[in-house]
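Below: the structure, in structure tokens.
Every number here is computed from the coordinates shown, using simple stated rules; none is lab data. Predicted model only: the values in this text are computed from it and were never measured. Here the Cβ is made from the backbone with ideal geometry for all residues, glycine too, and neighbour counts use every protein chain on show.
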Amino acid sequence: MIKWLCYKIVYLGNRYSEIGQDLMPVLSVDSDGHPDMEKSIRFAVLPARGGCIVETKVYDKKEREWDIVSHVIPEGADVAKEVGDIVAMELLRR
């Protein structure tokens, strides 16, 4: 299931790049020329008995600490859809 999710992310990324550079959002870059990952959401998917656990981490610059939230996805649920919903909710929360 995780391989499928990674494949979909790469596929959608390739499709997005085919659309053209005009539609790509402007990214801020650091001094090394890498994208600024200051507002990134980091997540880990961990297998567990009865399902899996998705942990999201967002760095809060103001408090200077990580905001860590764990989500449980029950066995039998569509993991790709649930992970997508979790990431969408984290983006809306910001």
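Structural remarks
- Förster-model FRET efficiency, 25 Å R0, residue 87 and residue 62, C-beta, rounded to 0.05: 0.65
- Beyond 26 Å in Cα-Cα separation lie the following of the pairs 8/61; 3/62; 3/57: 8/61; 3/62.
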